[in-house]
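The structure appears right after this line, and notes come after that.
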Amino acid sequence: MTLEEVRKQIDEIDQELKELLMKRLDCSYRVVEAKNAKNETAIFRADREEEILGRLGADVSEERKAGYLSVVRKIMETSRMYQYGLLYDWKEGHVIDSLLPEGVEEGGKRVRVLLTRENRPNAMSSILSMIGDYGFNMKQMTLMNEGEKEVTFELIILGDLSAEKMKKLMFQLSGECKEFKILEEGM
């Protein structure tokens, strides 16, 4: 095959992937719709995702497994981002009010948060990816505590807490971390 023929084949596969990903997001919509009907807000389940990754990666060759599972992880992250965004919209954003400590006002250039997650592979890289996926940069990340089972970080995220995307990010972080707290806004 020539390079052009291979590129044409890749373009066709990319279109097929797009169609499949849209179908998957349709399923994600139905999942969050069912959860919302039951007034459930739990989206992230690390145990379920690990089981899925194990099952999907079981028959993939070792030389391709890490890359393949990376893509599957990203698809799951994208699905969760979509679901949290829908829940946020359906709850009319009031969910963010419970995350704001007294005295924190919106309208700054940075948001400082403290979060604790399970100490497992990709625990923090998914947080960093999430911040970027919402369109924000991070100024600083400080390891506050690292235990065998949990890890706690303080993050300074560049962005305004009054922006809807930032509120959705805070909502998702609060749902995906064992502990989550907005410490300061503005700075």
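The values are calculated or read from the model by the stated rules, or taken from the named source; none is laboratory data. Bear in mind the structure is a predicted one, so any value in this text is a computation, not a measurement. Cβ sites come from the backbone with ideal geometry, for glycine too, and all protein chains shown count toward neighbours.
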* Inside region 28-43, can you point out the residues that are at pLDDT 95 or above and among the polar types (S, T, N, Q)? -> Ser28
* Of Glu102, Glu179, Glu148, which residue is of a type in the set (D, E, K, R), under 16 Å from the mean Cα position of the chain (by Cα) and surrounded by fewer than 14 Cβ atoms within 10 Å (Cβ to Cβ)? -> Glu179
* Hey, does region 98-107 have a residue that's closer than 28 Å to Leu56 by Cβ and outside the structural domain of Asn36 (by TED's automatic domain parsing)? -> no
* **Every residue from region 39-66 that is over 19 Å from Gln172 (Cα atoms) and surrounded by fewer than 10 Cβ atoms within 10 Å (Cβ to Cβ)** => Arg55, Ala58, Asp59, Ser61, Glu62, Glu63
* To do: Hey, can you tell me all the residues within region 44-69 that are in a loop (DSSP other than H, G, I, E, B) and either modelled with pLDDT of 95 or more or in the same structural domain as Ile127 (by TED's automatic domain parsing) (or both)?
  => Ala58, Asp59, Val60, Ser61
* Across region 120-145, which residue is surrounded by the most Cβ atoms within 10 Å (Cβ to Cβ) among those that are at pLDDT below 90 and not aliphatic (A, V, I, L, M)? -> Ser126
